């Protein structure tokens with residue numbers, strides 16, 4: 001037993017959805033309150049907020065002080081961490097580093113995103129700020145349009161049939177059906193996928209995760225600092241890695257390889273001392289189904305151009321070889337921007353604690369979670385382990 | 001127990017003197033634009049999920065003034081009263097032809113209700129007409145007037161290509177409120193639920209409204225209608241089963257069907273008043289013309305729940321009971337379904353001409 005292990009002592013989340021009547025700070029507070037209670041009342045010394053768009057959508061920056069104040073933690077170290085869609089993963093990594101370094105004993109990580117403070121083109125314009133503004137956004141590019149080009153290229157190069165990527169949405173929705181915090185709690189049929197409206201060809205409505213409101217929080221501490229009588233099965237952070245790629249997709253030698261994703265998975269697994277075959281579940285960043293396919297390939301679960309087949313043949317199902325999106329993923333749980341990476345950690349911890357109910361992966365020991373900013377322009381991977 | 005000299009704020013609105021509807025009349029213009037025609041132009045004909053079948057479009061010479069006069073004349077025919085006895089002519093609309101100068105004075109003049117009358121235009125998005133109806137109940141119920149007229153009428157605006165363009169339609173209805181003993185339907189009580197909820201708006205000088213997309217649903221339409229209806233029914237000790245019919249504001253086909261289900265009303269109970277699939281969303285006229293169509297088929301003793309919704313936002317709920325007088329009076333003029341059957345289909349090009357959507361200079 002290593003007393004300096006970093007333990008996820010508390011987890012909290014709000015349901016994901018369109019919370020028109022809940023403000024940014026209230027969302028954040030609900031998750032914080034739940035996580036601190038779950039930790040047995042640990043008192044955080046530092047707060048790391050993962051958020052992507054609040055200055056734009058809610059005209060609110062300075063979320064560190066805002067949430068610390070609103071949560072009754074006035075005085076603690078507090079700051080926002082931003083890395084587009086990977087903001088949640090980035091906040092988790094900052095919390096991990098702070099506690100691991102010894103400078104902070106108890107860190108609170110909260111991811112929060114409030115999309116419904118804006119609508120329609122206002123949201124698209126805000127999301128486009130995560131691109132290379134001078135060379136991508138200025139062309140009128142949207143995230144969905146870029147993902148569509150990526151998916152089209154992938155399907156052409158690897159002879160993928162028209163509904164070849166359907167398995168990702170079907171798996172996500174099947175798993176979201178029994179997650180009470182998921183935005184969509186309904187399984188879908190292949191036929192529904194096949195008939196779905198095109199958003200940006202070949203991306204249809206089910207190839208794209210919904211923007212949603214939500215907040216999730218984690219309390220991190222070292223094993224030796226856990227409160228007496230701490231009752232949850234211990235989940236430790238066994239690996240943590242972050243990397244960046246060229247921001248503009250067109251600057252990459254091979255757009256169909258998520259290079260940053262690969263580097264961080266390798267590092268995180270190495271720190272955990274395991275190989276990818278030992279991973280019990282993978283919470284990938286399926287903002288688009290093509291991202292899921294490319295992430296599986298980057299992580300080593302499939303060869304180049306073959307990732308989609310894992311979704312088609314059931315390998316990513318709850319009972320499959322490498323279960324993915326086990327509580328719905330971004331597609332069915334919803335994609336609350338900068339909160340998403342923290343939701344992944346909360347869900348993985350739930351699995352490793354053995355508290356995932358109908359979605360429980362039997363004997364889950366290692367969970368790989370990966371938070372992406374854009375098409376893996378930032379990738380942040382963590383390995384969580386059920387500690388003895 | 002002391003009797004307060006006014007109603008406490010959290011009770012139903014009930015006038016001192018019982019009142020009711022002594023006359024009602026509908027109007028729907030002749031032209032129809034099928035929703036698939038809008039889809040043909042704007043979405044390449046994608047047919048799935050159209051919000052309605054078709055909508056009513058006003059002709060070149062029609063506006064809220066002319067249409068209000070048509071409905072008012074129908075109401076006068078059913079009421080059979082001397083127009084000089086009308087002490088108020090109030091018109092609620094989102095499409096008053098003038099920004100300054102009332103619609104209601106023109107309507108009052110046309111039906112012979114001037115000069116001893118109140119006249120004003122009401123604005124509260126799609127519940128402007130029912131707000132005028134609440135005021136008319138107050139005016140008559142306080143004995144300040146024997147009769148008062150409330151109209152909800154619109155030539156609704158929808159930006160070309162916007163989701164609203166499929167449904168934004170023309171039509172509405174006029175009601176004459178008078179003493180309960182003269183009424184074809186008694187208005188037992190009403191209740192209004194209002195908050196500042198900016199789900200849909202059009203600023204001065206803007207041609208088309210803007211809206212908050214799905215924000216117009218749960219926090220706006222559904223919340224206000226259900227709160228108003230529930231309070232009215234709970235205060236009355238009634239449930240959906242006590243009403244023969246229900247009429248709810250109808251911006252599209254799904255919303256009123258869903259809100260009816262939430263409140264415990266069956267599809268049969270809302271069927272006569274659910275006109276949106278065939279005439280569209282007539283904004284301030286929408287719930288009121290649903291009520292005229294329901295009165296056209298109701299029987300004495302039937303109880304009707306009417307709930308409007310106006311963006312911004314609020315709902316007015318009314319508990320209405322039909323009397324014996326309805327059977328005779330409703331035959332005195334044209335019925336709502338007669339207007340719906342009077343139908344000339346137009347294409348999108350004709351529609352944009354009729355609605356002045358082509359900028360000539």
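Rounded to the nearest 10 degrees, the angle from helix B:64-79 to the longest Cα principal axis of chain B is 40 degrees.
Counting pairs of Cα atoms in region A:216-343, how many percent are more than 23 Å apart? I get 40 percent for the Cα pairs in region A:216-343 exceeding 23 Å. Here chain B is described by how far its Cα atoms reach on the three principal axes: 67, 43, 38 Å, from widest to narrowest.
Roughly how large, in nm² to one decimal, is the mean projection of the convex hull of the alpha-carbon atoms in region B:110-161? All intermediate terms of the calculation are to be shown ahead of the outcome.
On the way: hull surface 18.7 nm².
Answer in nm², one decimal: 4.7.
Could you work out the helix-only [θ] at 222 nm for the protein assembly as shown, with each DSSP H run of four or more residues adding -39,500 (n - 2.57) and the total divided by the number of residues, to the nearest 500 deg cm²/dmol? List each step's numbers first, then the result.
Working: 25 runs with 239 residues, N = 749.
Theoretical 222 nm ellipticity from helices: -9000 deg cm²/dmol.
Compute the whole-percent fraction of alpha carbon pairs in region A:1-80 spaced more than 16 Å apart. Cα-Cα pairs in region A:1-80 separated by more than 16 Å: 56 percent.
Sort the following peptides by mean Cβ neighbour count (other Cβ atoms within 10 Å, averaged over residues), highest first: B:223-235, B:281-293. If you can, show how the numbers build up before the last one.
Values: B:223-235: 20.8, B:281-293: 32.8.
Per-residue mean Cβ counts within 10 Å order the peptides as B:281-293, B:223-235.
May I have the convex hull volume per residue, in Å³, for the Cα set of region A:312-388? Let's see the in-between values first.
Details: hull volume 7.8 nm³, N = 77.
Cα-based convex hull of region A:312-388, divided per residue, equals 101 Å³.
Percentage of Cα-Cα pair distances in region B:255-361 greater than 15 Å, rounded to whole percent? Roughly 71 percent, rounded to a whole number.
From the mean inverse distance of alpha carbon pairs (Kirkwood) and the Cα radius of gyration, derive Rg over Rh for region B:188-328. Reported Rg/Rh (Cα atoms, Kirkwood Rh): 0.98.
Convex hull volume of the Cα atoms of region A:197-254, normalised per residue: 211 Å³.
Each part reduced to its alpha carbon centroid, region A:257-274 and region A:334-367 end up 19 Å apart.
Spatial offset of region B:209-242 relative to region B:176-193 amounts to 21 Å, using the alpha carbon center of each. Computed from Cα atoms, the angle from the helix A:166-176 axis to the main principal axis of chain A rounds to 30 degrees.
Give me the Kirkwood hydrodynamic radius of region A:135-268, using the inverse of the mean 1/r over all pairs of distinct Cα atoms, in Å to one decimal. Walk me through the numbers on the way to the answer.
Numbers: mean 1/r = 0.0536 Å⁻¹.
Kirkwood radius, region A:135-268: 18.7 Å.
Among A:283, B:204, B:218, B:70, which comes first, second and so on when ranked by fewest other beta-carbon atoms within 10 Å? Intermediate values should be presented prior to the final figure.
Working: A:283 29, B:204 5, B:218 14, B:70 23.
Lowest to highest Cβ neighbour count: B:204, B:218, B:70, A:283.
For the segment A:14-26, counting C-beta atoms of other chains within 10 Å of every residue's C-beta and taking the mean gives 2.
Normalised by 2.2 N^0.38 Å, where N is the number of residues, the C-alpha radius of gyration of region B:135-268 stands at 1.22. Taking the convex hull of the Cα atoms, report for region B:19-184 its projected area averaged over all directions, in nm². Directional mean of the projected Cα hull area for region B:19-184 stands at 10.0 nm².
Listed peptides A:152-162, B:185-195 appear in the order B:185-195, A:152-162 once ranked by packing, highest mean of other Cβ atoms within 10 Å at the front.
Here each label is just a point 7 Å from Cα along the line to Cβ, and for residue A:189 and residue B:350 those points are 4.0 nm apart.
Got the relative contact order for chain A handy, in percent, Cα pairs under 8 Å and 6 or more residues apart?
Details: 969 pairs, mean separation 102.9, N = 388.
Once divided by the residue count of chain A, the mean separation gives 27 percent.
With the alpha-carbon atoms of chain A aligned to their principal axes, the span from lowest to highest coordinate is 57, 44, 38 Å, starting with the largest.
List B:93, A:295, B:308 from most exposed to least, where exposure is judged by having the fewest other Cβ atoms within 10 Å.
Details: B:93 31, A:295 27, B:308 34.
Fewest-to-most Cβ neighbours within 10 Å comes out as A:295, B:93, B:308.
Here is the size of region B:1-107 from its Cα atoms: Rg then Dmax, 20.8, 69 Å. For the peptides A:21-32, B:24-35, A:238-249, residues were scored by their other Cβ atoms within 10 Å and the scores averaged per peptide; the highest-first order is B:24-35, A:21-32, A:238-249. Over region B:188-328, what relative contact order in percent results from Cα pairs under 8 Å that are six or more residues apart? Once divided by the residue count of region B:188-328, the mean separation gives 34 percent. Counting only DSSP beta bridges whose two residues both lie in region B:203-321, roughly 60 percent are antiparallel.
Separation of region A:63-132 and region B:288-361, taken as the distance between their Cα centroids, equals 52 angstrom.
Taking neighbour counts of Cβ atoms within 10 Å as a proxy for exposure, in what order, fewest first, do A:285, A:173, B:146, A:232 appear? All intermediate terms of the calculation are to be shown ahead of the outcome.
Details: A:285 33, A:173 24, B:146 16, A:232 19.
Ranked by crowding around the Cβ, least crowded first: B:146, A:232, A:173, A:285.
Which angle from 0 to 90°, rounded to the nearest 10, does the C-alpha axis of helix A:87-101 make with the longest principal axis of chain A? Tilt relative to chain A: about 40 degrees. One equal scatterer on each Cα of the protein assembly as shown, no solvent, Debye formula: the resulting log10 I(q)/I(0) at q = 0.08, 0.10, 0.11 Å⁻¹ is -0.74, -0.97, -1.06.
Across peptide B:212-219, what mean number of C-beta atoms from other chains lies inside 10 Å of a residue's C-beta? The partial results should precede the final answer.
Working: counts 5, 5, 4, 4, 0, 2, 4, 5.
Rounded to a whole number, the mean comes out at 4.
At a Förster radius of 35 Å, what calculated FRET efficiency corresponds to the Cβ-Cβ distance of residue B:238 and residue B:142, to the nearest 0.05? All intermediate terms of the calculation are to be shown ahead of the outcome.
Details: r = 26 Å, r/R0 = 0.73.
Between residue B:238 and residue B:142 the formula returns 0.85.
Across chain B, C-alpha contacts under 8 Å between residues 6 or more apart give a mean separation that, scaled by the residue count, equals a relative contact order of 25 percent.
Label-to-label distance, residue B:60 versus residue A:26, with points set 7 angstrom from Cα along the beta-carbon direction: 5.3 nm.
Taken together, the values in this text are just the output of simple stated rules run on the coordinates, not laboratory data. These figures come from a predicted structure and were not determined experimentally. Every residue, glycine among them, receives a Cβ derived from its backbone with ideal geometry; neighbour counts consider all protein chains shown.
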